[in-house]
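Only one structure is covered here, and it is reproduced in the block below.
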Amino acid sequence: MDNGASSYRRFLDNGDVQGLDEIIIEYSDGLILYLTSIVGNVQTAEELTEDTFVLLGTKKPKYKEKSSFKTWLYAIGRNIAIDHLRKYSKKNCVSIDDTPELTDDEAAVEEAYIKKEQQITVHKAMRKLPQKYQQVLWLIYFEGFSNKEAAKIMKKSLRSLESILYRARKSLRSQLETEGFEYVET
């Protein structure tokens, strides 16, 4: 009787949970590698190995000693893996490249990420500008106020605001170019 069999016997006969722990410690790595060769995925093999040990701990199948304990345990793991493959092979697997709506979503996510990064760069550059430049740029470009409305908010004449706005844009462009940001005219 090998070590796994005696540990399992202690678990079955005496309820010695340490016997089951010994089996898990002794056989889990090998069982994971074996099941990976069946299912082709380490994470799935780890889950199926856990399922194998859960089955031992809950259903307590009878070990008849017709083979080594390790052989018997691996057979149980193999059966669980085959059941898993039968269950999930019925589901259709489709390549992401074959689904244009997903690749469109991927492009949209990438575009949104780039836009967000650009906004962060612009905000950082704006913080380095004088306060009145920050304020006018914020009101016009981020809050969407007209020049006339921004002039009222800042308590400036329209002509004065337009002058500040011109200098603020020029200063922001210079700051962005200093930081390596490419300015594109739209």
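Working only within the stretch 52-67, note down all residues that are within 35 Å of the chain's Cα centre (by Cα) and either within 15 Å of Leu31 (Cβ to Cβ) or surrounded by 12 or more Cβ atoms within 10 Å (Cβ to Cβ) (or both).
Residues satisfying the conditions are Thr52, Phe53, Val54, Leu55, Leu56, Gly57.
Need pairs with beta-carbon distance below 7 Å; first residue farther than 17 Å from Tyr74 by Cα and within the stretch 1-21, second modelled with pLDDT of 90 or more and not in a helix (DSSP H, G or I); sequence gap 6+ or separate chains.
Listed by first residue and then by second, the contacts come to Leu12/Lys60.
For residues in the stretch 115-165 being surrounded by 12 or more Cβ atoms within 10 Å (Cβ to Cβ) and small (Gly, Ala, Ser), which is nearest to Phe181 (Cα to Cα)?
That would be Ala125.
For the stretch 1-68, give me every one of the helices (runs of 4 or more DSSP H) that falls completely inside it and has 1 or more residues that are in contact with an Asp or Glu (Cβ under 7 Å, 6 or more places away or on another chain) and over 25 Å from Leu85 (Cβ atoms). Talk me through it step by step, then tell me what you get.
Numbers: elements: 3-14, 17-39, 42-58.
Ranges flagged: 3-14.
Restricting to the stretch 123-153, count the residues that are assigned to a helix (DSSP H, G or I) and touching a helix residue (DSSP H, G or I) at 6+ places or on another chain (Cβ under 7 Å). Outline the logic, then answer.
Step one: filter the stretch 123-153 for residues assigned to a helix (DSSP H, G or I), giving 123-126, 131-142, 147-153.
Going one step further and asking which of them are touching a helix residue (DSSP H, G or I) at 6+ places or on another chain (Cβ under 7 Å), we end up with 125-126, 132-137, 139-140, 147-148, 150-151, 153.
Counting residues in the stretch 123-153 that are assigned to a helix (DSSP H, G or I) and touching a helix residue (DSSP H, G or I) at 6+ places or on another chain (Cβ under 7 Å) gives 15.
Given the criteria on the phi < 0 side of the Ramachandran plot, at pLDDT below 90 and not acidic (Asp, Glu), does Lys59 qualify? Walk me through how you get there before you give the answer.
Numbers: on the phi < 0 side of the Ramachandran plot: yes; at pLDDT below 90: no; not acidic (Asp, Glu): yes.
So Lys59 does not fit the description; no.
Take the residues in the stretch 166-186 that are open to solvent by less than 70 Å² (accessible area, probe 1.4 Å) and either at pLDDT below 85 or touching an Asp or Glu at 6+ places or on another chain (Cβ under 6 Å) (or both), then tell me which one is farthest from Val136 (Cα to Cα). Write out each step before concluding.
Residues of the stretch 166-186 that are open to solvent by less than 70 Å² (accessible area, probe 1.4 Å), as a first pass: 168, 171-172, 174-176, 180-181.
Now drop any that are not either at pLDDT below 85 or touching an Asp or Glu at 6+ places or on another chain (Cβ under 6 Å) (or both), which leaves 180-181.
Numbers: Gly180: 23, Phe181: 21 Å.
Among those that are open to solvent by less than 70 Å² (accessible area, probe 1.4 Å) and either at pLDDT below 85 or touching an Asp or Glu at 6+ places or on another chain (Cβ under 6 Å) (or both), it is Gly180.
Looking at the stretch 154-166, which of its residues are closer than 17 Å to Leu129 by Cα and either part of a loop (DSSP other than H, G, I, E, B) or within 46 Å of the chain's Cα centre (by Cα) (or both)?
Selection gives Met154, Ile164, Leu165, Tyr166.
Being farther than 20 Å from Val17 by Cβ and either at pLDDT below 90 or open to solvent by 90 Å² or more (accessible area, probe 1.4 Å) (or both) is the requirement here; does Ile32 meet it? Full working, then the answer.
Values: farther than 20 Å from Val17 by Cβ: yes; either at pLDDT below 90 or open to solvent by 90 Å² or more (accessible area, probe 1.4 Å) (or both): no.
Spelling it out, it is not the case that Ile32 is farther than 20 Å from Val17 by Cβ and either at pLDDT below 90 or open to solvent by 90 Å² or more (accessible area, probe 1.4 Å) (or both).
The values are calculated or read from the model by the stated rules, or taken from the named source; none is laboratory data. This one's a predicted model, so the numbers in the text were calculated from it and none came from an experiment. Glycine also receives a Cβ, built like all others from the backbone with ideal geometry; neighbour counts cover every protein chain displayed. Side chains are part of the model used for accessible areas, which takes the heavy atoms of the whole protein and leaves out ligands, DNA and RNA. Shrake-Rupley method; radii C 1.70, N 1.55, O 1.52, S 1.80 Å.
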